[in-house]
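Just below is one structure, and these are the notes that go with it.
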């Protein structure tokens, strides 16, 4: 039995297709290597979110794959709607809050996402309105909330270093409390990947 009541995690992923994932990595490493790296990141994300006993909602970028390595018995599968990232995240949170009270979202680019961090995120939602996992590039790798708050995704310049500070300002405008998780690094460029040195053979 989960110690987290009415808790769910949303995972946004891209369909693992050559030439369509990790384009900044591909610009220096090539499409084949970029796809291989992204599949490794997907595997790490999958293993990590499976380690925590909450409901899991998986959102694909292009099409729902019911026959991939994400077991349908463990993941409720959906398709991301059209629109920018803010609109897609807003949709996922609004839909999830119809059934759950404590919701976090993660992407699939963070090689150091851990069970410990996910557990801390849900634990801190018992004490704060929001929880944020800051990324070193100025964005965030995780965002959690216990009430649907679409204002956090409005007027945000996605994929810029202003994402995190503007998100925090949006929370402060709500006069709400938030907890910051440890800062982690996403993998967007070759030098990011080289930090980890994972064996892909």
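Once the Cβ-Cβ distance of residue 65 and residue 23 is raised to the sixth power relative to R0 = 22 Å, the FRET efficiency obtained is 0.60. Across segment 145-201, the fraction of Cα-Cα pairs farther apart than 13 Å, rounded to a whole number, is 71%.
Full extension of the chain between residue 114 and residue 47 yields a length gain of 23.2 nm, computed as 0.36 nm times the residue separation minus the alpha carbon distance. Each part reduced to its alpha carbon centroid, segment 21-45 and segment 48-81 end up 20 Å apart.
Computed over the chain, the per-residue total of -39500 (n - 2.57) for DSSP H runs of n ≥ 4 gives a 222 nm mean residue ellipticity of -9500 deg cm²/dmol, rounded to 500. Computed from Cα atoms, the angle from the helix 85-96 axis to the main principal axis of the chain rounds to 60 degrees. Computed over the chain, relative contact order equals 23 percent, with contacts defined as Cα pairs under 8 Å that lie 6+ residues apart.
Calculated on the alpha-carbon coordinates, the convex hull of the chain measures out at 120 cubic angstrom per residue. Taken as Cα centroids, segment 104-118 and segment 137-180 sit 17 Å apart, rounded to the nearest whole angstrom. In the chain, the longest principal axis of the Cα atoms and the axis of helix 163-173 are about 10 degrees apart. How far is helix 115-124 tilted, in degrees, relative to the longest principal axis of the Cα atoms in the chain, given as a value from 0 to 90 rounded to the nearest 10? Helix 115-124 and the main axis of the chain meet at about 20 degrees.
Laboratory data are not the source of any read-out in this text; all were calculated from the coordinates shown. Since this is a predicted model, take the numbers as computed values, not measurements. No Cβ is skipped: glycine too gets one built from the backbone with ideal geometry, and neighbour counts run over all protein chains shown.
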